[in-house]
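Report on one structure; see the data block that follows.
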Amino acid sequence: QVQLVESGGGLVQAGGSLRLSCAASGRTFSNYHVGWFRQAPGNEREFVAAITWSGGRTYYADSVKGRFTISRDNAKNTVYLQMNSLEPEDTAVYYCAVRTAGSYYSPYDYRYWGQGTQVTVSS
């Protein structure tokens, strides 16, 4: 079992930045690949970014490539999502989760979801 807690969300103007954190407890976090997803009202949960257990490889949705950066500090059991040049379309609840099998891009291949943190970008 892994428990995940997201933090760092908030209200920001378009063009601004936020850094989200995903803090883990429980089983050895450094063994797991981790992903960030987001869900806006009325929309399905969509992939944002993922990072391998060592941090050696990262994956991004096309919509955030060049603006968002995922990283991790295994000594702190934490994964980060640095979000720059935010746009109103980035408004959503952001979730982190542990990938257990299959694709990096599908939420169905993840488990141990956090409760989410709200990001709101005003125009």
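The values are calculated or read from the model by the stated rules, or taken from the named source; none is laboratory data. Bear in mind the structure is a predicted one, so any value in this text is a computation, not a measurement. All Cβ positions, glycine included, derive from the backbone under ideal geometry; neighbour counts span all protein chains shown. Areas reflect the complete protein model, heavy atoms only, side chains present, ligands, DNA and RNA absent. Shrake-Rupley method; radii C 1.70, N 1.55, O 1.52, S 1.80 Å.
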**Q.** Extreme residue, nearest to V48 (Cα to Cα), among residues of the stretch 73-90 that are part of a helix (DSSP H, G or I) and without any contact (Cβ under 8 Å) to a residue 60 or more places away in the chain
**A.** D90
Q.
Where the second residue is modelled with pLDDT of 95 or more and open to solvent by less than 60 Å² (accessible area, probe 1.4 Å) and the first is outside any loop (DSSP other than H, G, I, E, B) and of a type in the set (G, A, S) and lies in the stretch 1-19, which pairs have Cβ atoms under 8 Å and are six or more apart or on separate chains?
A. S7/L20; S7/S21; S7/A23; S7/T117; G10/L18; G10/V119; G10/T120
Q.
Considering only the stretch 52-64, I want to know if a residue exists there that is outside any loop (DSSP other than H, G, I, E, B), free of Cβ contacts under 8 Å to residues at least 40 places away in the same chain and among the hydroxyl-bearing types (S, T, Y).
A. yes
**Q.** Selected residue [among the β-branched types (V, I, T), closer than 27 Å to Q13 by Cα and either touching an Asp or Glu at 6+ places or on another chain (Cβ under 7 Å) or open to solvent by 20 Å² or more (accessible area, probe 1.4 Å) (or both)] from V79, V119
**A.** V119
**Q.** Counted residues, the stretch 1-41 - those being more than 18 Å from Y110 (Cα to Cα) and open to solvent by 10 Å² or more (accessible area, probe 1.4 Å)
**A.** 15
Q.
Could you go through the stretch 31-45 and let me know if any residue there is outside any strand (DSSP E or B) and of a type in the set (A, V, I, L, M).
A. yes
(Q) Take the conditions aromatic (F, W, Y), modelled with pLDDT under 95, surrounded by 14 or more Cβ atoms within 10 Å (Cβ to Cβ) and not in a strand (DSSP E or B) and apply them to Y108. Does it pass? (A) no
Q: Could you run through the stretch 42-70 and say how many residues are out of contact with any Asp or Glu (no Cβ under 9 Å at 6 or more places or on another chain) and open to solvent by 20 Å² or more (accessible area, probe 1.4 Å)?
A: 17
Q: Could you check how many residues of the stretch 43-72 are over 19 Å from D109 (Cα atoms) and modelled with pLDDT of 95 or more?
A: 10
